[in-house]
Amino acid sequence: MKKTPFVTKEQVEEIAKTYPTPFYLYDEKGIRENARKMKKAFSWNKGFREYFAVKATPNPFLIDILREYGCGCDCSSYTELLLSDAMGVKGEDIMFSSNDTPRYELAHKLGAIINLDDITHIDFLEETIGEIPETISCRYNPGGLFKISNDIMDNPGDAKFGMTTEQLFEAFKILKSKGAKEFGIHAFLASNTVTNEYYPMLAKVLFEVAVKLQKEVGIHIKFINLSG
């Protein structure tokens, strides 16, 4: 696929006369068009929501633009939570996943959906906020190689984060016993991929484990979160 820059070299040189480098230049028209297309593509699913990864571009103007198209914020740090809060993003419009120095207090205060990276974080979460939220999510890592046909997309088995299948089932049993009522599953099995087959294959993996969880653990899977 041929990619054509939205500005010419001459235009950038002209801008640099006013704004010293280095600077970031965003294509607002392109961002809006893509956000609109994505929203339309998933309009059949009333429960669909895109969460913008704040760590990728922690720019309040971009967050504000994407919110116009129904996007929430995917946060992984205390600072990203503060930024989202400052932009008026609250409640389940925030998804919080943190695998380093988790700051669950602020996430809980904002009503964010907390996504646990490790089964040991259950006790840490309860000790930190004094309870287990009624809505909770866990990161799933089935391990091994993630393949599409004969192509290896990535190696989740080498990843440090996420729960194995056995840990995921045990985690949901524990969370259910501690008062959780609604559950989510999150997975990130390949990074920086643009292969069209990735998300359908990842969705298949998660839907299958969701059905098993509902049958064997007796819980309600409220949502499934795909990352890539």
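The values are calculated or read from the model by the stated rules, or taken from the named source; none is laboratory data. Owing to the predicted nature of the structure, the values given are computational and were not obtained by experimental measurement. Here the Cβ is made from the backbone with ideal geometry for all residues, glycine too, and neighbour counts use every protein chain on show. The protein model used for the area step is the full one, side chains on, heavy atoms only, and it has no ligands, DNA or RNA in it. Shrake-Rupley method; radii C 1.70, N 1.55, O 1.52, S 1.80 Å.
Could you list, in sequence order, the residues of the range 28-48 that are surrounded by 14 or more Cβ atoms within 10 Å (Cβ to Cβ), touching a helix residue (DSSP H, G or I) at 6+ places or on another chain (Cβ under 8 Å) and of a type in the set (D, E, K, R)?
R32
Quick grid of which residues meet (1) over 23 Å from L25 (Cα atoms); (2) out of contact with any Phe, Trp or Tyr (no Cβ under 8 Å at 6 or more places or on another chain); (3) surrounded by fewer than 15 Cβ atoms within 10 Å (Cβ to Cβ); (4) at pLDDT below 95:
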residue: A56; (1), (2), (3), (4): no, yes, yes, yes
residue: P60; (1), (2), (3), (4): no, yes, yes, no
residue: L66; (1), (2), (3), (4): no, no, no, no
residue: Y69; (1), (2), (3), (4): no, yes, no, no
residue: S76; (1), (2), (3), (4): yes, no, no, yes
residue: L83; (1), (2), (3), (4): no, yes, no, no
residue: V89; (1), (2), (3), (4): yes, yes, no, yes
residue: S97; (1), (2), (3), (4): yes, yes, no, yes
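From the list V7, V12, pick out the single residue that is out of contact with any Phe, Trp or Tyr (no Cβ under 8 Å at 6 or more places or on another chain), assigned to a helix (DSSP H, G or I) and among the β-branched types (V, I, T).
On the way: V7 fails: assigned to a helix (DSSP H, G or I).
Testing whether each residue is out of contact with any Phe, Trp or Tyr (no Cβ under 8 Å at 6 or more places or on another chain), assigned to a helix (DSSP H, G or I) and among the β-branched types (V, I, T) leaves just V12.
Residue under question is E13, and the condition is that it be within 27 Å of K176 (Cα to Cα), free of Cβ contacts under 8 Å to residues at least 60 places away in the same chain and open to solvent by 70 Å² or more (accessible area, probe 1.4 Å); does it hold? Explain how you work it out, then say what you get.
Details: within 27 Å of K176 (Cα to Cα): no; free of Cβ contacts under 8 Å to residues at least 60 places away in the same chain: yes; open to solvent by 70 Å² or more (accessible area, probe 1.4 Å): yes.
Taking the combined requirement at face value, the residue does not satisfy it.
Would you kindly identify the strands (runs of 3 or more DSSP E) lying entirely within the range 113-228 that contain at least 2 residues that are more than 26 Å from G91 (Cα to Cα), modelled with pLDDT under 95 and open to solvent by 30 Å² or more (accessible area, probe 1.4 Å)? Before you say what the answer is, go through the steps one by one.
Working: elements: 113-116, 135-139, 146-148, 151-154, 182-188, 220-227.
Result: 151-154.
Can you run down the residue pairs with Cβ atoms below 9 Å, 6 or more apart or on separate chains, where the first is in the range 155-176 and farther than 14 Å from I136 by Cα and among the hydrophobic types (A, V, I, L, M, F, W, C) and the partner is open to solvent by 70 Å² or more (accessible area, probe 1.4 Å) and at pLDDT 85 or above?
Correct list of pairs: M163/E170.
Does A35 satisfy the criteria of being of a type outside the set (F, W, Y), within 24 Å of L175 (Cα to Cα) and assigned to a helix (DSSP H, G or I)? Show your work before the answer.
On the way: of a type outside the set (F, W, Y): yes; within 24 Å of L175 (Cα to Cα): no; assigned to a helix (DSSP H, G or I): yes.
Answer is no for this residue.
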